[in-house]
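These notes concern the structure reproduced below.
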Amino acid sequence: MGHGHHHQHHDHSHEPLGEPLDEPLDEPLDKGAAAARDLTIPDADLSPAQLSRRRMFRRAGLLGAGLTAAGVLGTQAGPAAAAPGGREPKDGYLWLAGDHHIHTQHSGDGIYRVIDQVRHGNAYGLGWMVITDHGGATHARIGVDKVNPDIVAARKAIKDTLVFQGLEWNIPAAEHGTVFVAPGRREVETLKEFESSFDGSVKEAGANTPQNEALAIAGLNFLAESVRRRRIPDALFLANHPSRKGLDSPHEIRGWRDAQPSIAVGMEGAPGHQAAGIPKPHGPGGGRGYYDGGPGADSFPGYPAESYKTFGGFDWMTATVGGLWDSLLAEGRPWWITANSDSHTVYGDTGQRGPESDFDANGRYEDPVHGGVPNTGAGDFWPGFYSRTHVGSRAFSYEALMDGLRAGRVWVDHGGLISGLVVRARTAGHGQSGVTLGETLHVRRGDRVELTMEIALAGRPNWAQFVPTLARVDVIQGDVTGPASDKDAFTTPDTKVVQSYEVGRNSGTVTFTYRLGRVDRPVYVRLRGTDGKRSAPGLLGAGVDPHGPQIDVHGDADPWNDLWFYSNPIWILPRR
């Protein structure tokens, strides 16, 4: 049960984690990375930026193994098209790691250029990223326009990472959310109109009122109509840090999803700002995710005090077996989870805002300057450095990636706990491949069903310079009972951990088969795994979750010593 820092193995507290990547835009990152990886080129022949990257690859144990493998995780052989950068399809999909919650100098609390965030995310293995500067009056007036050329330039410079333009929506009557669109000639125009018409800050619609809740639905309807009319190719919305302030009530979450299920598809299962938990004097000494507050005037009154904390770095809605997320899945509602950096100011980085910045006048800060004292009071990591959302995409394209997110072919991890996950539900004994994450297996009533898991273990150091060890994998199963009569329900009685597998390894591949037996009612299953360093009975009791994540302690929650992965669910529905 102990916290256990084990700094003799990975003393991440005493040197900056990550460094700026300063290649000029006329040298694409994939070209610079290729030179850095090519060991036939002597160090002396590399540019300073390429040499910096080679050192980073050496520290991460990536030389000789191939950088591109770090962010590409597979599930089955199939027809997907290969992506740039050497990513190969497996099991029908390109598994692309990404991050949908990233801030730049175009946010009032940001600092970095778009290209800074994209270069780092690319170097840390991300295949897709969403730039989500804060919504508000200044951003709506000029920020949406000003950030777009930077995003377009990053797309041209970094060929093997998809870079979406989005924004962090101040959801009327609720918290923040990511809204993003597929690139197109009207992406700026559509985002600008959306923000001007439906942002809670712009419209002064933050209070918890029915009118403001209706405005949020109207915003989702606007996005859906924009897609229907082909104004934009596609759009998605995901709720960010949903439990941080208790503003996202259960009925609002259900309302978003029910209003536009092709647009409102999920929430952050784990918030960003994970470095905020690193203890002082080496870190900020706060709550992971900056979940260190409490209820306010507009918070949902039914939430317990524990909901304002994280559990193993994950949001209470996701971390509680039988809790709010499970209550949605038990209704048969597709509602997916993600994990992101929420990167504003990076732990250990030396960057500072450029001098003479006037955000209100210019809609952005001046370019950052580097070279000062490493900032150990910052609570963020670079995109891809710690939190990753892995999406099974049928092709390396913006719309295919969005389709994968919408379909729920998603699993998430912290700290590189595992490097690949293949999950399949199938009828036992029939030799079928079955279905994967986010999908539904239809069976005859009484058929035997099994869940197969193939987990590629870490096998190499993560960015804190140690190889994580997967200690245990849990299978969580629940009955599908249909829509709840109470739209504010946030528990479900028939979900629990049904099987646990001990692992205790960090290299190679492990496989497990969980046998559900004869299925005579609709159920769903999902997975969770841990390094086993901090566990406790779940909030709904040991009979539901005997070894769940512990509640995080403010000031003593080193994120590197408490690693988890979570998968999205698979449903199994017997025919009547």
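The values are calculated or read from the model by the stated rules, or taken from the named source; none is laboratory data. Here the structure is a predicted model, which is why all the values come from computation and not from measurement. Because the Cβ atoms are built from the backbone with ideal geometry, glycine has one as well, and the counts that use them run over all protein chains shown.
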Next on the checklist: Would you confirm whether or not the stretch 172-187 contains a residue that is assigned by TED's automatic domain parsing to the domain that holds residue 255 and part of a helix (DSSP H, G or I)?
Outcome noted: yes
Checklist entry - Mind checking which pairs have a first residue in the stretch 380-403 that is under 14 Å from residue 342 (Cβ atoms) and in the same structural domain as residue 129 (by TED's automatic domain parsing) and a second that is part of a strand (DSSP E or B) and basic (Lys, Arg), Cβ under 9 Å, 6 or more apart or different chains? => result none
Item to check | Hits in the stretch 276-286 (condition: in a loop (DSSP other than H, G, I, E, B) and touching a Pro at 6+ places or on another chain (Cβ under 7 Å)) | outcome: 278, 285
Checklist entry - Only one residue in 543, 555 is surrounded by fewer than 19 Cβ atoms within 10 Å (Cβ to Cβ), outside the structural domain of residue 288 (by TED's automatic domain parsing) and out of contact with any Gly (no Cβ under 9 Å at 6 or more places or on another chain), so which one is that? => result 543
Next on the checklist: I need a count of the residues in the stretch 389-436 that are buried (at least 21 other Cβ atoms within 10 Å of the Cβ), among the charged types (D, E, K, R) and in a loop (DSSP other than H, G, I, E, B).
Outcome noted: 1
Checklist entry - In the stretch 554-569, is there at least one residue being acidic (Asp, Glu), under 26 Å from residue 450 (Cβ atoms) and at pLDDT 95 or above? => result no
Item to check | Options 377, 371: the member that is modelled with pLDDT under 95 and of a type outside the set (D, E, K, R) | outcome: 371
Next on the checklist: Checking residue 360 against (1) touching a helix residue (DSSP H, G or I) at 6+ places or on another chain (Cβ under 7 Å); (2) more than 30 Å from residue 574 (Cα to Cα); (3) part of a loop (DSSP other than H, G, I, E, B), only one condition comes out false. Which one?
Outcome noted: (3)
Next on the checklist: Being farther than 26 Å from residue 205 by Cα, surrounded by fewer than 23 Cβ atoms within 10 Å (Cβ to Cβ), outside the structural domain of residue 486 (by TED's automatic domain parsing) and not basic (Lys, Arg) is the requirement here; does residue 281 meet it?
Outcome noted: yes
Checklist entry - Since residue 289 meets every condition but one in (1) in contact with a strand residue (DSSP E or B) (Cβ under 9 Å, 6 or more places away or on another chain); (2) in a loop (DSSP other than H, G, I, E, B); (3) at positive phi, which condition does it not meet? => result (2)
Item to check | Residue match in the stretch 457-472 (condition: exposed (fewer than 14 other Cβ atoms within 10 Å of the Cβ), in the same structural domain as residue 444 (by TED's automatic domain parsing) and either touching a residue at least 40 places away in the same chain (Cβ under 8 Å) or among the aliphatic types (A, V, I, L, M) (or both)) | outcome: no
Checklist outcome for this item: Result of the Cβ filter at 6 Å on the stretch 204-223, keeping first residues that are assigned to a loop (DSSP other than H, G, I, E, B) and partners that are of a type in the set (Gly, Ala, Ser), at least 6 apart or interchain, is 206/200; 208/173
Checklist outcome for this item: Scanning the stretch 198-219 for residues that are of a type in the set (Gly, Ala, Ser) and under 19 Å from residue 234 (Cα atoms), the one surrounded by the most Cβ atoms within 10 Å (Cβ to Cβ) turns out to be 219
Checklist outcome for this item: Among 308, 291, the single one that is aromatic (Phe, Trp, Tyr) and either surrounded by fewer than 23 Cβ atoms within 10 Å (Cβ to Cβ) or out of contact with any Phe, Trp or Tyr (no Cβ under 8 Å at 6 or more places or on another chain) (or both) is 308
Next on the checklist: I'm trying to understand the selection: among the residues of the stretch 173-186, which are under 23 Å from the mean Cα position of the chain (by Cα) and not hydroxyl-bearing (Ser, Thr, Tyr)?
Outcome noted: 174, 175, 176, 177, 179, 180, 181, 182, 183
Checklist entry - Do we have any residue at all in the stretch 545-564 that's of a type in the set (Phe, Trp, Tyr), in a strand (DSSP E or B), touching an Asp or Glu at 6+ places or on another chain (Cβ under 9 Å) and farther than 30 Å from residue 281 by Cβ? => result no
Checklist entry - Just for the stretch 405-455: of the residues that are in contact with an Asp or Glu (Cβ under 7 Å, 6 or more places away or on another chain) and within 24 Å of residue 340 (Cβ to Cβ), which one is modelled with the highest pLDDT? => result 417
